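Novice: First the structure, which I've put down as structure tokens, then a few questions once you've had a look.
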Amino acid sequence: MEFVLKIFFAGLIAFAPSEDGRELTVLLLNTKHGFEMANGSSMPMHRPLLLVRAGGCDGHCGADSGIATFLFGDKDPGRAGDALRAALSKGSAWQLSRSELSINGDVQGPLQLTTRPATIDQGGLRLVPASASERENFDWVADLRRIAPSGGGFRPDLFEPRPNDIVAARLRLRSGRIITYSVIKSRGMARPIHFRRPNGKGPEIPYRQSLAGWVMAEIHVAGTDIEIDGENFDNHAKRTMKLRPEHDVIEMALVNLPPIERPKPGQSLRPGEPGQHFQIYYDLLQTPPAKADRLVPYPPPKRATEPAVDWTMLHPTRELWSDLLEQLRLGTQGRSPYDLILCPMVRE
């Protein structure tokens, strides 16, 4: 028997591919102690979660009510719990805190990072993907080395057995096809995202392109189950869940999101100031810039003449359908409050 494990990533997450391309380290960032942004305000606490939709689960399974009310804050606790259980089917949900995650099972094939050498447009890389296949390129993930070239790359202590406290969770992938699942939507289109100082003043840097809002790993597994292990970096407490597929698929989401308040009828969205969460990524660098100089993403101005491509054309619903994400209201149809937060992931 063979089944597919799909892992979806979104929120305050950084990716570090190894130099030989055989391993991808995934870092979920910790904000629970507060992070002061350039304007003196505190970053909203992000919640790192592992959510799994499966056909069966043994071990540390289930989900606490806090996860349900976080994800479905517009529902009363009972209905929030029902909605989360429906999304997970017979899977599980974990709150993550200083967690080393590992996937144990008969995974098939090497790691494949989809890059975009063929995406050439008259002498340069395109600013936006021109097709759904081009959208899959991993290079749509924001490149922190190009945004902050003097930063020296990621600090080595992020990869030690007991990493820096900024790491809320870590996962190392050595198998599977890694793609951009979704790029950020701006006014219904895929557009280049710009970078400026947090106060919006000063010149933009030359680096601008569409940015990944979601990344997906597709891993083929031989056998009838797979095991997900979590071990605390500090006290080495362990937990495990053994998962069985549902209709030959297990869907997992690793997300690190701020509180998302869905508006009541007649209310407008209040997502906070877009792009400002990006400031915390610079603390991953060996030489982080001053907070006032930490460039953050901004949507393109309405007067911009840059290329734009219809977002729905790049994201065919049938190919990208996920029962887990749709029931969590995070799927290809988009979740407006989260879209407006403008909180892309980064790569080293």
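Novice: If I stretch the segment between residue 39 and residue 132 completely, what's the gain in nm (0.36 nm per residue apart, minus their alpha carbon distance), one decimal?
Specialist: Working it through step by step, the gained length comes to 29.7 nm.
Novice: Can you check what the net charge comes to around residue 153, using other residues whose Cβ is under 14 Å from the Cβ of residue 153 (Lys, Arg +1; Asp, Glu -1)?
Specialist: Once all neighbours under 14 Å are counted, the net charge is -1.
Novice: Additional query: Can you pull the one-decimal nm distance between simple spin-label points at residue 82 and residue 303, each 7 Å off the Cα toward Cβ?
Specialist: Label at residue 82, label at residue 303, 5.2 nm between them.
Novice: How much length is gained if the chain between residue 64 and residue 2 is pulled fully straight, taking 0.36 nm per residue apart and subtracting their Cα-Cα distance, in nm to one decimal?
Specialist: Here the segment from residue 64 to residue 2 would lengthen by 19.2 nm.
Novice: Please give the peptides 40-47, 22-29, 177-184 ranked by average Cβ packing (other Cβ atoms within 10 Å per residue), highest first, as a rough proxy for protection.
Specialist: For the peptides 40-47, 22-29, 177-184, the packing ranking is 177-184, 22-29, 40-47.
Novice: Check the straight Cα-Cα distances from residue 75 and name the lysines below 19 Å, setting aside those fewer than 8 residues away within the same chain.
Specialist: Filter leaves 264.
Novice: How about residue 6: which lysines have a C-alpha closer than 17 Å to its C-alpha, ignoring those fewer than 8 places off in the same chain?
Specialist: Qualifying lysines at Cα under 17 Å: 90, 242.
Novice: Using a Förster distance of 22 Å, how high is the FRET efficiency between residue 150 and residue 201, based on the Cβ-Cβ distance and rounded to 0.05?
Specialist: 0.65
Novice: Helix-only estimate, please: 222 nm mean residue ellipticity of the chain, summing -39500 (n - 2.57) across DSSP H runs of length 4 or more and dividing by its residues, to the nearest 500.
Specialist: Value at 222 nm, helices only: -3000 deg cm²/dmol.
Novice: Using a Cα-Cα cut-off of under 19 Å, which lysines could be cross-linked to residue 201, ignoring same-chain neighbours fewer than 8 residues away?
Specialist: Correct list for residue 201: 291, 302.
Novice: Taking 20 °C and 1.002 mPa s as the conditions, I'd like the Stokes-Einstein D for the chain in µm²/s, using the Kirkwood hydrodynamic radius from alpha carbon pairs.
Specialist: 104 µm²/s
Novice: I need the peptides 107-113, 204-210 ranked by packing, meaning the mean over residues of other C-beta atoms within 10 angstrom, with the highest value on top.
Specialist: 204-210, 107-113
Novice: Using only Cα atoms, find the angle between the long axis of helix 77-88 and the longest principal axis of the chain, and express it within 0 to 90 degrees, rounded to the nearest 10.
Specialist: 90 degrees
Novice: With an 8 Å Cα cut-off and a minimum separation of 6 or more residues, compute the relative contact order for the chain in percent.
Specialist: Worked out over the chain, it gives 32 percent.
Novice: Would you mind telling me the antiparallel percentage of the DSSP bridges in segment 2-347, rounded to 5?
Specialist: Once the DSSP bridges in segment 2-347 are tallied, antiparallel ones form about 75 percent.
Novice: Taking a ≥ b ≥ c as the square roots of the Cα gyration tensor eigenvalues, with a/c under 1.5 meaning rounded and otherwise prolate when a/b beats b/c, else oblate, which class fits segment 1-61?
Specialist: Oblate, because a/c is 1.5 or more while a/b does not exceed b/c.
Novice: Residue 240: net charge of surrounding residues, Cβ under 12 Å, Lys/Arg +1, Asp/Glu -1, itself excluded?
Specialist: Spelling it out: positives minus negatives among the neighbours equals -2.
Novice: If r is the Cβ-Cβ distance from residue 160 to residue 238 and R0 is 22 Å, what FRET efficiency results, to the nearest 0.05?
Specialist: Calculated value: 0.70.
Any read-out appearing in this document is the output of simple, stated calculations on the displayed coordinates, not a laboratory observation. It should be emphasised that the depicted structure is a prediction, and the values quoted were computed from it without experimental measurement. Cβ sites come from the backbone with ideal geometry, for glycine too, and all protein chains shown count toward neighbours.
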